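The values are calculated or read from the model by the stated rules, or taken from the named source; none is laboratory data. Since the structure is predicted, the reported quantities are computational estimates derived from the model, not experimental observations. Cβ sites come from the backbone with ideal geometry, for glycine too, and all protein chains shown count toward neighbours. The accessibility values were calculated without ligands, DNA or RNA, using every heavy atom of the protein model including side chains. Shrake-Rupley method; radii C 1.70, N 1.55, O 1.52, S 1.80 Å.
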Amino acid sequence: MKYIRQKRNGLYMLLLSVVMMVLAGGCGMKKTEKVTCADTAMGTIVQQTLYVQRENSEITLNEIMELLDSLEKDTLSWREETSEVYSINSSSEHTGYVLSEKMRQYLEIIRDVWMQSNGAFDVTVGEVTGLWGIDEWQQKEVCDYFQLPAVEELQAALKNSGFEKIKIEGKQIYMPAHIQLDLGAVGKGIACDEVRTLLSENESVTAAVISIGGSVLTYGEKPDGSSWKVAIQHPRIEGETIAVLQLKGDWSISTSGDYERYVEKDGKRYHHIIDPKTGYPADSGLISVTIVSESGILSDALSTACFVLGKDAGLELAEEYGVQVYMVDKDLNVYMTEGMDKLLVLR
Ligand code: AMP
Ligand code: MG
């Protein structure tokens, strides 16, 4: 069965193929369908594979896409005037802004990673990422007309940023007017957590693997009891994998790489992960970092943080959080935690 979904603006199409698998169970027949689809949301590609015990499984697939659209539009986007981040960014330092309970929880984790990473992870880099125009870059762009931001502008933006300038008292956040939150480094991970919650409330979904840009969620157990296989993209050979992980149960796997979004000018690559100490793309020697954690927001935040920190401090940070990390440096040397080594089936 094929199903095409035309989105509001008619730009996106959803291709859904449903494979029916009939499993015998107990005294009656229990049907499990494997359904897959690819679509775009949150400015990235979303791929879903669900194992569902009912026939109208496209409802769940659409529910997930709607959840992602709403997460972007109502909560995380700094561009959409309807979003909570937009409201926080435009709130007054004096009167503050009353956070939703979810946003308060996200910011608590975000603050913790900012502290533990010594500021390598800092969502207040919004003005800096705005100066670079990261949001406007296509995935890979070679353009000679690209202009680097002026040094003075970057320095001024850096001076204005820093999570320490934010005050959170209970539900109230007070933020200096010039600070702009950019939750791009945790958005896909938060999405994994929200999708997992949605799935856990839906008894008919027994298992799923969903990739949202650089983050992947595995959920439940496949009907045949086999493990999830999650590929890590080769950072320098498009379409090839550098490693494959084998996991059982619920996990979030996030990768930050300098190949995901960048511009090239005069033979030099400017990528999208900023070192908050310099205002320039992080130059820690690493080109790809993958984190495996039970929490999506943590896996996403820590992949960005470790990328900026580099190999040694990155390994330390991952160990502090008890997550697994896989890092690749410029010469394609690989470094990882012991637990990660045990998850690899192909390297
Ligand atoms: P990711 O691909 O998850 O590593 O996230 C990168 C995105 O997070 C960028 O496109 C920026 O929007 C934002 N960002 C860049 N550098 C940082 C940083 N050091 N801390 C927090 N967010 C960042
Ligand atoms: Mg991230």
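For the chain, the longest principal axis of the Cα atoms and the long axis of helix 58-70 meet at an angle of about 10 degrees.
As an equivalent ellipsoid, the chain spans semi-axes of 34, 24, 20 angstrom, where each value is the square root of five times an eigenvalue of the C-alpha gyration tensor, largest first.
Under 5 Å between amide hydrogens, built in the peptide plane, is the criterion, and for residue 99 it picks out 172, 173 among residues at least 5 positions away or on other chains.
Backbone amide hydrogens, once placed in the peptide plane, bring residue 279 within less than 5 Å of nothing, excluding anything fewer than 5 places away on its chain. Note that the stretch 33-43 has calculated 3J(HN,Hα) couplings of 9, 9, 10, 10, 7, 10, 7, 10, 7, 6, x Hz, one per residue in order, obtained from phi through the Karplus relation 6.51 cos²θ - 1.76 cosθ + 1.60 (θ = phi - 60°); glycine and proline are x. Quick one: net charge of residue 49's neighbours, Cβ under 12 Å, K/R +1, D/E -1? Charge balance near residue 49 sits at +2. Straight-distance candidates among the aspartates and glutamates for linking to residue 31, with alpha-carbon spacing under 12 Å and chain neighbours fewer than 8 residues away dropped: 55. Straight-distance candidates among the aspartates and glutamates for linking to residue 248, with alpha-carbon spacing under 18 Å and chain neighbours fewer than 8 residues away dropped: 193, 221, 224, 294, 338, 341. Near the amide H of residue 337, within less than 5 Å, lie the amide hydrogens of 325, all on another chain or at least 5 residues away, with H placed in the peptide plane.
Given the rule -39500 (n - 2.57) for each run of at least 4 DSSP H residues, summed and divided by the residues of the chain, what is its mean residue ellipticity at 222 nm, to the nearest 500 deg cm²/dmol? Value at 222 nm, helices only, nearest 500: -8500 deg cm²/dmol. Counting only Cβ charges, +1 for Lys and Arg and -1 for Asp and Glu, the dipole size of the stretch 58-213 around its Cα centre is about 500 debye. Rounded to the nearest 20 debye, the dipole size of the chain about its Cα centre is 840 debye, using +1 on the Cβ of Lys and Arg and -1 on the Cβ of Asp and Glu.
The phi torsions of the stretch 299-316, fed into the Karplus equation with coefficients 6.51, -1.76 and 1.60 and a -60° offset, translate into couplings of 4, 6, 4, 6, 5, 5, 4, 5, 4, 6, 6, x, 4, 5, 5, x, 4, 4 Hz, rounded to whole numbers, with Gly and Pro shown as x.
Compute the accessible area per residue over the stretch 235-347, keeping the other protein chains in place, probe 1.4 Å, unit Å². Before the final figure, lay out the partial values.
Details: 4800 Å² over 113 residues.
Accessible area per residue, the stretch 235-347: 42 Å².
Rounded to the nearest whole Hz, the Karplus-based 3J(HN,Hα) values (6.51 cos²θ - 1.76 cosθ + 1.60, θ = phi - 60°) of the stretch 90-103 follow the sequence 9, 7, 8, 4, 7, 8, x, 9, 8, 6, 5, 4, 5, 5, with x at glycine and proline.
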